[in-house]
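K.L.:
Below: one structure in structure tokens.
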Amino acid sequence: MQINKVCCFGAGYVGGPTMAVMASKCPKQTFVVYDINEQQIEKWNNKQYPVYEKNLDEYINQTLNTNLIFTCDIDIALKDCDIAFLAVNTPSKKYGLGAESSLDISYIDSCLQQIKKYPLTKRLILVEKSTVPIKTCDYINAVLRDKNICVLSNPEFLAEGTAIQDLLNPDRVIIGGAIESAQQLASLYEQWVPKEKIIFTNIYSAELSKIVANSFLAQRVSSINSISIICDKIGADVNEISQCVGSDSRIGNKFLKTSVGFGGSCLKKDLLCLIYLCESLQLDEVAQYWRQVYLLNEFQKQRFYNLIITSMFNTLRNKIIVILGVAFKANTNDTRESASLMIIQKLQEEQAILRIYDPQGKIDKLEQCQSLDGIFKGASAIVILTEWEEFTKIDYAQAYEEMAKPSYCFDGRNLLQGEVMKSLGFLYYGLGRI
Ligand code: NAD
Ligand code: UGA
């Protein structure tokens, strides 16, 4: 079967960038991104992207309205379609059994209902690109049992902030499911991904590998954060530990940066999904092992706001605190599950006056400064929560001059040089370093 037309349900952080890169690399195929949210589609079509990613505009400009279409019309998406990706959100369930841990697949469900109603004229390869609970493929087959479809799992591994780079040069592409259809999907990737990077697996392995990959990443962050706590007690430097440990090629140097805690829409939810899976299989010891990764992350956030509050002698009321960063990491506008959400809330409870700035991230209903101009004037503390490069370029000597005394700096990303900040006069606190 020749692949001519591909559609994607969901024009979010995954659907938009993924289809833009695919469309540019596969000029003979047409890509239609379909979303139920009209405003979201309008933004893509008017180049006011809902997603901030470096170089994204280049790929949209190349392809929009040539072989890439954004639409709310299901007919434009599914008519004569050969491959349909499901890239809709799968958040943690918010209610009932498994609340806060199992994944909610109601958006997947709504896609299936739309496909069920649609009079398909040819066989459709339906691809799970969203991160889904294990065996969702069986559920999809059951819902669409009267339809001429084949389900594949092709999880996405892009990280926000480096999405375009990750899509252009993925470490691997995993395709799980019946080999004939899997090879048809692979024929798209082969237009730019080296063949040896495409891994064919059974469909459950593909689904599970995604959850496991994110849980391993979360585990590394919690591991190094746990060491930062020891460092604080004994006067060792966690950055040096990361360097020493990470230069063992068996361990590797990535994902060893201590932080105020991992955030984002996926690490936590996918880790909780793994924990829920273990619990459902009555594997209590395994569940507890992974739960500790989650609990350590919560503890790291608490530890940081406790540090701020106690260092300022529990008296923050009416003091001005500058918050640098609300995005869950640098180079994205995404604030979902950002550690800053909890920390801002705790500082508000202390009745501090917050001046909040982020180059891209915005939190709903929260007043934010548009720039750094005048932000430090009269402030008692700077709290760094996101590792934007812009924050390393601030003239901290000047900031110190403008601030109230004593002037605190709480660096939740170990972004600045502690010694330099102290020499300027700041009471500087990093994580796991003296
Ligand atoms: P998102 O919230 O940014 O986008 C999801 C989009 O799906 C929304 O625009 C929503 O309106 C749309 N949608 C919901 N129901 C729909 C329906 N029935 N038909 C059409 N559109 C519908 O989500 P995201 O961050 O792109 O994540 C999507 C999936 O990919 C999730 O399962 C996530 O775990 C996974 N994932 C995300 C990332 C990431 O970096 N964000 C990376 C890898 C995998
Ligand atoms: C993560 C994975 O890295 C992607 O492979 C995956 O596709 C994606 O989840 C997903 O499934 O959505 P993302 O959440 O975008 O990507 O960002 P990460 O780079 O993984 O960062 C997650 C959090 O961990 C951030 O808050 C980041 O600041 C923190 N982090 C990361 C650290 O605290 N230390 C590190 O060393 C690395």
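K.L.:
Can you tell me which residue is farthest from ligand 2 (Cβ to nearest atom) among those in region 124-145 that are without any contact (Cβ under 8 Å) to a residue 12 or more places away in the chain and within 23 Å of CYS273 (Cβ to Cβ)?
P.N.:
ALA142
K.L.:
I've got another one for you. Between a residue in region 146-167 that is assigned to a loop (DSSP other than H, G, I, E, B) and any residue that is among the β-branched types (Val, Ile, Thr) and within 11 Å of ligand 2 (Cβ to nearest atom), which pairs come within a Cβ distance under 6 Å, given they are 6 or more apart or on different chains?
P.N.:
If the second residue must be among the β-branched types (Val, Ile, Thr) and within 11 Å of ligand 2 (Cβ to nearest atom), the pairs left are GLU156/VAL14; GLU160/THR332; GLY161/THR332.
K.L.:
Looking for whichever is modelled with pLDDT of 95 or more, in contact with a strand residue (DSSP E or B) (Cβ under 8 Å, 6 or more places away or on another chain) and of a type outside the set (S, T, N, Q) here; the options are LEU366, LEU307, LEU341, LEU295. Which one fits?
P.N.:
The unique qualifying residue is LEU307.
K.L.:
Could you tell me which of the residues VAL33, VAL51 is modelled with pLDDT of 95 or more and among the β-branched types (Val, Ile, Thr)?
P.N.:
One residue alone meets the criteria, VAL33.
K.L.:
May I ask you to list the residues in region 31-65 that are surrounded by 17 or more Cβ atoms within 10 Å (Cβ to Cβ) and under 23 Å from LEU112 (Cβ atoms)?
P.N.:
Those that are surrounded by 17 or more Cβ atoms within 10 Å (Cβ to Cβ) and under 23 Å from LEU112 (Cβ atoms): PHE31, VAL32, VAL33, TYR34, ASP35, GLN40, ILE41.
K.L.:
Sticking with this one: Closer than 20 Å to ILE36 by Cβ and at pLDDT 95 or above: is that true of LEU103 in this structure?
P.N.:
yes
K.L.:
Among the numbered criteria (1) acidic (Asp, Glu); (2) within 15 Å of ligand 2 (Cβ to nearest atom); (3) part of a loop (DSSP other than H, G, I, E, B), which one does ASP248 miss?
P.N.:
Unmet condition: (2).
K.L.:
Would you be able to say whether some residue in region 125-135 is over 28 Å from ASP166 (Cβ atoms), under 22 Å from the mean Cα position of the chain (by Cα), at pLDDT 95 or above and in the same structural domain as GLY176 (by TED's automatic domain parsing)?
P.N.:
No - not one qualifying residue is present in region 125-135.
K.L.:
Follow-up. When you go through (1) within 13 Å of ligand 2 (Cβ to nearest atom); (2) buried (at least 18 other Cβ atoms within 10 Å of the Cβ); (3) in a loop (DSSP other than H, G, I, E, B) one by one for PHE255, which number turns out not to apply?
P.N.:
Only one criterion in (1) within 13 Å of ligand 2 (Cβ to nearest atom); (2) buried (at least 18 other Cβ atoms within 10 Å of the Cβ); (3) in a loop (DSSP other than H, G, I, E, B) is unmet by PHE255, namely (2).
K.L.:
For region 307-326, which positions are touching a Phe, Trp or Tyr at 6+ places or on another chain (Cβ under 8 Å) and either of a type in the set (A, V, I, L, M, F, W, C) or within 16 Å of ligand 1 (Cβ to nearest atom) (or both)?
P.N.:
Correct list: LEU307, ILE308, MET312, VAL322, ILE323, LEU324.
K.L.:
Further, regarding this structure: Hey, among the residues in region 284-317 that are of a type in the set (Val, Ile, Thr) and assigned to a helix (DSSP H, G or I), which one's surrounded by the most Cβ atoms within 10 Å (Cβ to Cβ)?
P.N.:
Looking at the filtered set, the residue picked out is VAL293.
The values are calculated or read from the model by the stated rules, or taken from the named source; none is laboratory data. Model, not experiment: these values are computed from the prediction. Methodologically, a virtual Cβ is constructed for each residue, glycine included, from the backbone with ideal geometry; neighbour enumeration extends over all protein chains shown.
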